[in-house]
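Student: Sharing a structure, written as structure tokens. Questions coming.
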Amino acid sequence: MTVPRPDAWPGLLAELIENGHFVGPSGLAAIVEAATARVGLGVTIHLIDHEQERLRVLSSDPAAETIPVHASVAGRAFMTLIPVPSVGDPPRLWMPVVNGTERIGVLEVRLPPGADPAAPGTVSGARLLAGLIGHLITSKTSYGDAIAKARRSRPMTPAAELLWQLLPPLTFATDHFVLAAVLEPCYEVGGDAFDYTVDDGFARFAVYDGVGKGLPAALATAVALGASRASRRAGADLPGVAEAVDGALTSQFTDSRFVTAVLAEFDLHAGHLRYTGAGHPPPVLLRHGKVVRALAGGRRTPLGVPAPTPVADERLEPGDRILFYTDGITEARDEAGTLFGLERLVDLVERHAEDGLPVAETVRRISHAVRDHQGGPPADDATLLLLEWSEDAAHRSAP
Amino acid sequence: MTLARDDVGGVAEIYLDGDLDMQAEERVVAEIEAALDGLQRDVVVDLSAVPFLDSSGIRALLRGREAAQRHGVRLCVRNPRRIVEDVLRITGVAPLFGLR
């Protein structure tokens, strides 16, 4: 038995699109529940929290249940981006929810008793429904606080609130390129940031680390982000962007505030990477599970300490990965004072990649490994950005 | 962090002992500014007893360098331990402080 009938899905999607015009974030769950109930389904939207630890029901109830990602069928769907049917009463289908390739959460689809949650028509219908809901959640988020509140397990500092609003989504992919980032401690982050754009066959991206902690660091980084985007959109090349950030920081701050950064651009067809390292730990190039080299060329002073900006070149091969990080990752210490270190970081990237996990899941697990290493959230901001130039990685990045 | 200052042959030498980090930043900058006060002389910051330098420590040195430039003199560092010198080189600021 296939429930709902395969021809019920288009009407359901149409109803949601129509009704979606007139709801804000707090009304979204209700229109989804109402529309799906009419075709015999029970649907609950579970959102991933910022620390990517638990799935939290989109509802106004602060006591709503949460589901641990690492120990649940819902979590398995989130981690692998593969729908997971579960037989039971009621039968359920756990469908990953993404916007593009940004992982947003999981849709819990409850079917009538006796229905097959793995029926192809049900899985494909639920995939479309989850796709639409992913778009709706993303487009509605900024109109209210309900989705922002549902995603957090505790309040954010003003610095973190400021910074997150400036950042792009954690993950982006084209058909042969994936980029995923993670930023901790997510409720207290200060000076770390990442940025990227993908246009006309070029990916341009950056990792930033503003000196100091908290709001002063976040403000310096915010200035760097603003100046880099403004100059890039005005047509500046890498040295031009660096010069614009130098100028913005030195004109705004008179106290030697600086931001270390790697600025890069990548030709998605030719595999040609150009980059500049402004006082930042060099990114690492990984090929066939091994470190090829640290990308230590193109070095200059941190942004905000004006200097000429050299640009280095690197040719990538299909399947190559590049790992960008801030010192909060490698310099995380355990109780005995042992550093997390670059070797351990590279080893984890390779191990998870061999498991065939989505790139976003790889960086999530590494960020948690850093946290576990030091027995709590990072003392310093810790950012990881992993890029993979491969069709296979792209295929793994959507349900 | 403990600080000491010695004036030798028209150069102010500042000896730092301890981690050069966010906790030490303001005191180090104040010490450099005090060394510059009213006197036209270069400043040397001795790092031989500094086991750890972070980005706030680099900022302290940059602020000291700015202050020296305002006075028309130079600020250099000397005797960094290997781990501290690595940080100064990776961050690209080593040449600003006279390290070749």
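The values are calculated or read from the model by the stated rules, or taken from the named source; none is laboratory data. All values derive from a computational prediction rather than experimental measurement. Neighbour counts are summed over all protein chains in view; Cβ atoms, including those assigned to glycine, are modelled from backbone coordinates with ideal geometry. Quick note on the areas: whole protein, heavy atoms, side chains included, nothing else; ligands and nucleic acids left out. Shrake-Rupley method; radii C 1.70, N 1.55, O 1.52, S 1.80 Å.
Student: I need the shape label for the stretch A:180-307. Rule: rounded when a/c is under 1.5, else prolate if a/b > b/c, else oblate, with a, b, c from the alpha carbon gyration tensor.
Tutor: prolate
Student: Per residue, how much accessible area does the stretch A:284-399 have with a 1.4 Å probe, in Å²?
Tutor: Per-residue accessible area for the stretch A:284-399 comes out at 42 Å².
Student: Give the relative contact order (percent, whole number) for the stretch A:293-385; include only Cα pairs under 8 Å separated by 6+ residues.
Tutor: In percent, rounded to a whole number, it is 32.
Student: When only C-alpha pairs under 8 Å and at least 6 residues apart count, what is the relative contact order of chain A, in percent?
Tutor: 15 percent
Student: Could you sort the residues of the stretch A:247-274 by number and keep only those whose accessible area is reduced by 40 Å² or more in the all-protein-chain setting relative to the chain alone, 1.4 Å probe?
Tutor: For the stretch A:247-274, once contacts with the other chains are taken into account, A:Asp255, A:Ser256, A:Phe258 lose 40 Å² or more.
Student: At q = 0.09, 0.14, 0.19 Å⁻¹, work out log10 I(q)/I(0) for the stretch A:116-247 with the Debye formula, treating every Cα as an identical point scatterer and leaving solvent out; two decimals please.
Tutor: Cα-only, vacuum Debye calculation for the stretch A:116-247: -0.37, -0.80, -1.19.
Student: A follow-up question, please. Treating each Cα of the stretch A:121-179 as an identical point scatterer and ignoring solvent, apply the Debye formula and state log10 I(q)/I(0) at q = 0.24 Å⁻¹.
Tutor: Log-scaled intensity ratios, in q order: -1.12.
Student: Within the stretch B:52-69, what residues put their amide N at less than 18 Å from the label point 7 Å along the Cα-to-Cβ vector of A:Arg333?
Tutor: The answer is B:52-58, whose backbone nitrogens lie closer than 18 Å to the label point.
Student: Please pull out the direction-averaged projected area of the stretch A:270-310, using the convex hull of its alpha-carbon atoms, in nm² to one decimal place.
Tutor: Result: a mean projected hull area of 3.5 nm².
Student: Something else now. Could you tell me how far the Cα centroid of the stretch A:177-209 sits from the Cα centroid of the stretch A:306-341, in Å?
Tutor: Result: 13 Å between the Cα centres.
Student: Applying the Karplus parametrisation 6.51 cos²θ - 1.76 cosθ + 1.60 with θ = phi - 60° to the phi angles of the stretch A:313-328, what ³J(HN,Hα) value in whole Hz is obtained for each residue in order, glycine and proline being reported as x?
Tutor: Once rounded to whole Hz, the list reads 10, 8, 8, 9, 10, x, x, 5, 10, 10, 10, 9, 8, 9, 5, x.
Student: For the stretch A:325-399, what % of the accessible area comes from carbon and sulfur atoms, probe 1.4 Å?
Tutor: 45 percent
Student: Using θ = phi - 60° and the Karplus curve 6.51 cos²θ - 1.76 cosθ + 1.60, what whole-Hz ³J(HN,Hα) does each residue of the stretch A:65-81 get, with Gly and Pro shown as x?
Tutor: Along the stretch A:65-81, the couplings run 5, 10, 10, x, 5, 6, 9, 7, 5, 4, x, 4, 4, 5, 5, 8, 6 Hz.
Student: Give the long-range amide H neighbours of A:Asp192: residues separated by 5 or more places, or on another chain, with amide H under 5 Å away, using H modelled in the peptide plane at 1.01 Å from N.
Tutor: A:Gly210
Student: Continuing with the same structure: Which whole number gives the average count of other chain Cβ atoms within 10 Å of the Cβ atoms across peptide B:55-65?
Tutor: If you average over the peptide's residues, the count of other-chain Cβ atoms is 5.
Student: Using a 1.4 Å probe, how large is the accessible area of A:His21, given in Å² and rounded to the nearest 10?
Tutor: Its heavy atoms expose roughly 120 Å² to the probe.
Student: Give me the summed buried accessible area for the A-B pair, 1.4 Å probe, to the nearest 100 Å².
Tutor: 1100 Å²
Student: So how much accessible area does A:Trp94 have, in Å² to the nearest 10, using a 1.4 Å probe?
Tutor: A:Trp94 exposes around 20 Å² with every protein chain in place.
Student: So, one more: Could you list which residues have their amide H under 5 Å from that of B:Phe52, counting only those 5 or more apart in sequence or on another chain, with H placed in the peptide plane?
Tutor: Amide H neighbours of B:Phe52: B:Leu20.
Student: Where does the Debye-calculated log10 I(q)/I(0) of chain B sit at q = 0.10, 0.11, 0.18 Å⁻¹, using only Cα point scatterers of equal weight, no solvent?
Tutor: Those come out to -0.22, -0.26, -0.74, one per q.
Student: Assuming R0 = 30 Å, what is the FRET efficiency of A:Ala118 and A:Asp392, from their Cβ-Cβ distance, to the nearest 0.05?
Tutor: According to the calculation, E is roughly 0.75.
Student: Here's something else I'd like to know. Of B:Gly38, B:Gly72, B:Gly18, which is the most mobile in a GNM of chain B whose springs link Cα atoms less than 10 angstrom apart?
Tutor: Judging by the Gaussian network model, the answer is B:Gly38.
Student: In the neighborhood of B:Ile90, defined by Cβ-to-Cβ distances under 11 Å, what is the net charge if each Lys or Arg adds +1 and each Asp or Glu adds -1?
Tutor: Neighbour charge sum, excluding B:Ile90 itself: -1.
Student: How long are the semi-axes of the equivalent ellipsoid of the protein assembly as shown, taking √(5λ) for every eigenvalue λ of the Cα gyration tensor, in whole Å from largest down?
Tutor: Working through the eigenvalues yields semi-axes of 49, 22, 20 Å.
Student: Using a 1.4 Å probe on the heavy atoms of the protein chains only, list every residue of the stretch B:82-98 that has 50 Å² or more less accessible area in the complete assembly than in its chain alone.
Tutor: B:Ile90, B:Thr91
Student: Can you compute the charge dipole magnitude of the protein assembly as shown about its Cα centre, using +1 on each Lys and Arg Cβ and -1 on each Asp and Glu Cβ, nothing else charged? Give it in debye, rounded to the nearest 20.
Tutor: Here the size comes out at about 480 debye.
Student: Here's a follow-up. Give me, ordered by chain and number, the residues 5 or more places off A:Arg54 or on other chains with an amide H under 5 Å from its own placed amide H.
Tutor: When sequence neighbours closer than 5 places are left aside, the close amide H contacts are A:Asp49, A:Val69.
Student: Within a Cβ distance under 11 Å of A:Met95, other residues only, what is the Lys/Arg minus Asp/Glu net charge?
Tutor: Counting the neighbours of A:Met95, the net charge comes to +1.
Student: For chain B, set up a GNM with springs between Cα atoms under 10 Å and report which of B:Ile32, B:Ile14, B:Ile90 has the largest fluctuation.
Tutor: So, out of B:Ile32, B:Ile14, B:Ile90, the one fluctuating most is B:Ile90.
Student: Against the longest principal axis of chain A, how steep is helix A:341-354, in degrees 0 to 90 to the nearest 10, with axes from Cα atoms?
Tutor: The two axes meet at around 40 degrees.
Student: Express the C-alpha Rg of the stretch A:1-76 as a ratio against the empirical globular expectation 2.2 N^0.38 Å, rounded to two decimals.
Tutor: Taking N as the residue count of the stretch A:1-76, the ratio is 1.27.
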